[in-house]
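Undergrad: This is the structure, below, for whatever I ask next.
The values are calculated or read from the model by the stated rules, or taken from the named source; none is laboratory data. Fair warning: this is a prediction, and the values are worked out from it, not measured in the lab. Counting neighbours? That spans all protein chains shown, and the Cβs are built from the backbone with ideal geometry, glycine included.
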Amino acid sequence: MDLRDQLAEHLVFLSELGVTGLSRDPKWRQRADDAWNAASAADMSPAVAVSTGAGGEALADIRADIGDCTRCKLCKAGRTHIVFGVGHPNADLMFVGEAPGQDEDIQGIPFVGRAGQLLTKIIESIGLKRDEVYIANVIKCRPPGNRNPDPDEVATCEPFLFRQIASIQPKVIVALGKFAAQTLLKTQDPISKLRGRVYKHGDAQLIATFHPAFLLRSPDRKRDVWEDMKKVRSILRE
Ligand code: URA
């Protein structure tokens, strides 16, 4: 696909999200430049800053503690990979999904299937790149047949998510769908009730929105997600 077609596709996607105009203001992309400037000031390229440093080591320690996990029944349910998380170890923005699906289980990386491709577009819609944010799930192993996680599986796995959040210290957490929102907010309220406001989660602000897999089935709700993402963008710019 040439650049023109890619641009056209991106604009169609933005309009599906309800975007009615685009800014040519360079501030739109300022965060990436800021990250570059901060890293250069420390005489370190952003790539090095991402792969090493205290944040990266703390996450590596959490991953090491998970080990070849046998704490719940999902270890015997056909797991290929434990899907820990991916992204910038000190990201301002963190996305939390439910559990790996088939593609994620095969690759060991969260949100790489169809829902993941939509999540990447959602991230890019607010001027960020996937490697500038952090992406993880409540559950680190695929539930068989993509069934909902059982309460005992959530209870066993959530401490690792909480440790990831404590290590990354994001400014904003986006809970994708019911399981992430209910786990992080300790509530049984449905996602339709939880979205549309800003919560506190420790020092972070938390926004709950629809899961990208739900958007694939109900594209008319993309407009709601765009509203939520505009709120995320404005908090990040504060
Ligand atoms: N759905 C999720 O909740 N997480 C993934 O990693 C992929 C799909």
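One line per residue, one yes/no per condition, for (1) in a strand (DSSP E or B); (2) more than 11 Å from the ligand (Cβ to nearest atom); (3) on the phi > 0 side of the Ramachandran plot:
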| residue | (1), (2), (3) |
| --- | --- |
| Gly55 | no, yes, no |
| Ala60 | no, yes, no |
| Cys75 | no, yes, no |
| Gly78 | no, yes, yes |
| Pro89 | no, yes, no |
| Val96 | yes, no, no |
| Phe111 | no, no, yes |
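Undergrad: What about Phe84, is it aromatic (Phe, Trp, Tyr), more than 10 Å from the ligand (Cβ to nearest atom) and buried (at least 18 other Cβ atoms within 10 Å of the Cβ)?
TA: Working: aromatic (Phe, Trp, Tyr): yes; more than 10 Å from the ligand (Cβ to nearest atom): yes; buried (at least 18 other Cβ atoms within 10 Å of the Cβ): yes.
When the stated conditions are applied, Phe84 passes them.
Undergrad: With the requirement that a residue be in a helix (DSSP H, G or I) and near the ligand (Cβ under 7 Å from one of its atoms), what does segment 113-137 give you? Reasoning before the result, please.
TA: Narrowing segment 113-137 to residues in a helix (DSSP H, G or I): 114-125, 130-132.
Passing the criteria: Ala115, Gly116.
Undergrad: A follow-up question, please. Name the residues in segment 122-157 that are among the acidic types (Asp, Glu) and over 23 Å from Gln107 (Cβ atoms), would you?
TA: Applying the first criterion (among the acidic types (Asp, Glu)) to segment 122-157 yields 124, 131-132, 150, 152-153.
The answer is Asp150, Asp152.
Undergrad: Being in a helix (DSSP H, G or I) and either at negative phi or of a type in the set (Ser, Thr, Tyr) (or both) is the requirement here; does Lys200 meet it? Break it down into steps so the answer makes sense when it comes.
TA: Working: in a helix (DSSP H, G or I): no; either at negative phi or of a type in the set (Ser, Thr, Tyr) (or both): yes.
So Lys200 does not fit the description; no.
Undergrad: Still on this structure: Which one of Ala181, Ala175, Ala166 is within 15 Å of Ile135 (Cα to Cα), surrounded by fewer than 17 Cβ atoms within 10 Å (Cβ to Cβ), modelled with pLDDT of 95 or more and among the small types (Gly, Ala, Ser)? Talk me through it step by step, then tell me what you get.
TA: On the way: Ala181 fails: surrounded by fewer than 17 Cβ atoms within 10 Å (Cβ to Cβ); Ala175 fails: surrounded by fewer than 17 Cβ atoms within 10 Å (Cβ to Cβ).
Unique residue meeting the criteria: Ala166.
Undergrad: Among the residues that make up segment 209-231, is at least one of them outside any helix (DSSP H, G or I), within 16 Å of the ligand (Cβ to nearest atom), without any contact (Cβ under 8 Å) to a residue 40 or more places away in the chain and among the β-branched types (Val, Ile, Thr)? Outline the logic, then answer.
TA: So the first thing to find is which residues in segment 209-231 are outside any helix (DSSP H, G or I), and the list is 209-211, 218.
Okay, now just the ones that are also within 16 Å of the ligand (Cβ to nearest atom), so 209-211, 218.
Checking the rest, the ones that are also without any contact (Cβ under 8 Å) to a residue 40 or more places away in the chain come to 209-210, 218.
Still in the list and also among the β-branched types (Val, Ile, Thr): 209.
Yes: segment 209-231 contains one or more residues that are outside any helix (DSSP H, G or I), within 16 Å of the ligand (Cβ to nearest atom), without any contact (Cβ under 8 Å) to a residue 40 or more places away in the chain and among the β-branched types (Val, Ile, Thr).
Undergrad: Which members of segment 110-161 meet the condition of being more than 22 Å from Ala208 (Cβ to Cβ) and either in contact with an Asp or Glu (Cβ under 6 Å, 6 or more places away or on another chain) or surrounded by 17 or more Cβ atoms within 10 Å (Cβ to Cβ) (or both)?
TA: Hits for segment 110-161 are Val112, Cys141, Arg142, Thr156.
Undergrad: If Gln188 meets every condition in (1) surrounded by fewer than 17 Cβ atoms within 10 Å (Cβ to Cβ); (2) touching a residue at least 12 places away in the same chain (Cβ under 8 Å) apart from one, which number is that one?
TA: All conditions pass for Gln188, except number (2).
Undergrad: Taking Pro190, is it within 20 Å of Ile62 (Cβ to Cβ) and not hydrophobic (A, V, I, L, M, F, W, C)? So that I can check it myself, show each step before the final result.
TA: Numbers: within 20 Å of Ile62 (Cβ to Cβ): no; not hydrophobic (A, V, I, L, M, F, W, C): yes.
Considered against the rule, which asks whether it is within 20 Å of Ile62 (Cβ to Cβ) and not hydrophobic (A, V, I, L, M, F, W, C), Pro190 comes out as no.
Undergrad: Something else now. Every residue in segment 98-108 that is part of a loop (DSSP other than H, G, I, E, B) and either under 20 Å from Leu215 (Cβ atoms) or within 8 Å of the ligand (Cβ to nearest atom) (or both), please.
TA: Going residue by residue through segment 98-108, those that are part of a loop (DSSP other than H, G, I, E, B) are 98-101, 108.
Glu98, Ala99, Pro100, Gly101 - these are the residues of segment 98-108 that are part of a loop (DSSP other than H, G, I, E, B) and either under 20 Å from Leu215 (Cβ atoms) or within 8 Å of the ligand (Cβ to nearest atom) (or both).
A quick yes/no check of all residues on (1) within 18 Å of Arg71 (Cβ to Cβ); (2) not aliphatic (A, V, I, L, M):
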{"site": "Arg114", "(1), (2)": "no, yes"}
{"site": "Leu118", "(1), (2)": "no, no"}
{"site": "Ser125", "(1), (2)": "no, yes"}
{"site": "Arg147", "(1), (2)": "no, yes"}
{"site": "Phe162", "(1), (2)": "yes, yes"}
{"site": "Thr183", "(1), (2)": "yes, yes"}
{"site": "Lys186", "(1), (2)": "no, yes"}
{"site": "Arg195", "(1), (2)": "no, yes"}
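Undergrad: Across segment 138-180, what is the total count of residues that are part of a helix (DSSP H, G or I), of a type in the set (D, E, K, R), more than 17 Å from the chain's Cα centre (by Cα) and over 19 Å from Arg63 (Cβ atoms)? Break it down into steps so the answer makes sense when it comes.
TA: Of all residues in segment 138-180, those part of a helix (DSSP H, G or I) come to 144-146, 151-168, 177-180.
Subset that is of a type in the set (D, E, K, R): 152-153, 158, 163, 178.
Now restrict to residues that are more than 17 Å from the chain's Cα centre (by Cα): 152-153.
Retained after the next criterion (residues that are over 19 Å from Arg63 (Cβ atoms)): 152.
Residues in segment 138-180 being part of a helix (DSSP H, G or I), of a type in the set (D, E, K, R), more than 17 Å from the chain's Cα centre (by Cα) and over 19 Å from Arg63 (Cβ atoms): 1 in total.
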